[in-house]
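These notes concern the structure reproduced below.
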Amino acid sequence: MNDEKQSQGGRTEKGRGSSRRGFLTAVGSAAAVATAGCLGGGDSGGSNKPIRYLTDRGDSKEVMDEIIAEFEEETGYTVEMIYTAKGTSSDAEMQKMVAAGNPPDLLFDTSTDAYRLQRDGVLAPVTSAVQDNDLPDPVNVGGDSYFAAAMVEPLMAWYRNDIYTERPSSWSEWVEAAGDVSSNESMEGYVIQSGQTNNADTQMTQYLWQNDVDIYSGPSDGIEVTLDGDGNREAAIETFEWVQAMAEHSPNGSGWGWGDAIGALQQENAAAIASVGGLPILTIEGNRPDLVEKLSPMGFPVPEGGDQDKWWAYMEGHLVRNDGQNTEGAQAFVDFFTQSSRFYDFVLSAPLFQFPPTREQLDAPEVTENEVIQQYPEVIELVRNNWDAFTTVLATGDDGAPNIVAADAYGEQLFGQAADQLLVGGLTPEETVDWLAEQLRGLQ
């Protein structure tokens, strides 16, 4: 995987050098010193207060409760778990807590949001957790790490293997095959999504990547928009021409999110969709188990002769705010988490959708012997074979440097909006490229 371990300030990577026992000894000593401070022996650093942990992973509550209990027992810290309401992001809830003057200490969020918060100066480093566990390092600034990945969620497309008995490969083959399905079946051939949604935004960005469009260039402190520059403009126009052609064989996907596309597949209104990981399988299995065996995973379509060079993968994990009530305790938990005996249970609480953050962990028995993963060998094979291509939208500066323009563009779903300008607003592919380039430059 392109795990973005770039030299931001000349950091030297370390191997997995700290043992669990050594970690617990160190944390226990720190907790003891902090406790002594509470009794008058020094500054407690706020460690007598609970670590406020905000997460949107309510579905993993049972596993997290066990990890938290183990952490509390072995370190002396206490953790107050705050789960967001279903469908509510931790970032949105965090803003409410900050506005109320009571920010969380620890968050479970994306690398993109972590970089925004680092830019705002409100994050504390989690460098030891990243380096000691060889984790991907997407938010490395000045040699310090501000995000500890807990999982990777790659984009993935799914198609009906009984409708497409031979999967099309090139863009031109997809236009022809999707057209045949739309003409001869009681469903559309492929779902093209547009609008201000995460699914539409990721889909359009990936299509540009598939056609080798370099959207940005430059270091983190000097990002330039190159979407409409020499060598990129023509490829970007060609990409939107293909999107326009494929949309003729798609239901109206304007404003559709992840669930809408999965619903079209489940209701047999479409024969192929773009999604993230095995989310369609996990969703459809409970409602239409008869349909699951007719679904196969794939990468996104590529132009004739194209290669899968860059593959969008979400990273989610831990970040620590520096303005909470127990920053040191939150940092200690991040160190503890990856080494927890229940780490794989957490990641595999949604198998096929969530994958561990390192290639080594992907081959661990806990993953390879997981019952659900063994039922769908095509998924894990696809992930394993393309691991080195996985990257985040954040790693789009020179040599994979963090790119705040890309992070902000994703936050506003500008690429999904561009697709709406093309498919709903009536812009030509050329005008769409110009519109998108102008919007991106507005973020610089």
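The values are calculated or read from the model by the stated rules, or taken from the named source; none is laboratory data. Bear in mind that the values here come from a model prediction, so they are computed numbers and not experimental data. FYI the Cβ positions are ideal-geometry reconstructions off the backbone, even for glycines, and counts take in every protein chain you see. Heads up: the accessible areas ignore ligands, DNA and RNA and are worked out on the full protein's heavy atoms, side chains in. Shrake-Rupley method; radii C 1.70, N 1.55, O 1.52, S 1.80 Å.
List of remarks:
- Largest mean-square fluctuation among Gln131, Gln308, Gln196, in a Gaussian network model of the chain whose springs join Cα atoms under 10 Å apart, belongs to Gln308.
- Most mobile of Ala200, Ala99, Ala129 in a GNM of the chain (Cα contacts under 10 Å): Ala99
- Applying 1/(1 + (r/R0)^6) with r as the Cβ-Cβ distance of Asp65 and Asp221 and R0 = 41 angstrom yields a FRET efficiency of 0.45.
- GNM on the chain, alpha-carbon springs under 10 angstrom: the most fluctuating residue among Ala313, Ala157, Ala69 is Ala69.
- Per-residue surface analysis assigns Asp59 an accessible area of about 140 Å², computed on protein heavy atoms at 1.4 Å probe radius.
- If only the Cβ of Lys and Arg carry +1 and only the Cβ of Asp and Glu carry -1, the dipole of the chain around its Cα centre is close to 1380 debye.
- Applying 0.36 nm per residue to the separation of Leu443 and Asp214 and subtracting their alpha-carbon distance, the gain on full extension is 80.7 nm.
- Debye, to nearest 20: dipole size of segment 163-215, +1 on Lys, Arg Cβ, -1 on Asp, Glu Cβ: 140
- Relative contact order, percent, the chain [alpha-carbon distance under 8 Å, six or more residues apart]: 26
- Carbon/sulfur fraction of accessible area - segment 68-111, other protein chains in place, 1.4 Å, %: 51
- Helix 171-184 axis, angle to the chain major axis (alpha carbon atoms, nearest 10°): 70
- Accessible carbon and sulfur surface of segment 356-444 relative to its total accessible area, %, 1.4 Å: 42
- With contacts taken as Cα pairs under 8 Å at a separation of at least 6 residues, segment 92-237 carries a relative contact order of 10 percent.
- In the context of the full set of protein chains, segment 111-187 has a per residue accessible area of 33 Å² (1.4 Å probe).
- Within the accessible surface of segment 186-246, defined with a 1.4 Å probe on protein heavy atoms only, the carbon and sulfur portion equals 37 percent.
- Approximate spin-label separation Thr165-Ala99, in nm, with each point projected 7 Å along Cα-to-Cβ: 5.8
- Taking the chain as the region of interest, the number of lysine pairs whose Cα atoms are within less than 28 Å, with members eight or more places apart or on different chains, is 10.
- Computed with a 1.4 Å probe over protein heavy atoms only, the accessible surface of segment 276-330 comes to 36 Å² per residue.
- FRET efficiency estimate (nearest 0.05) - Cβ-Cβ, Asp260 to Ala92, R0 25 angstrom: 0.75
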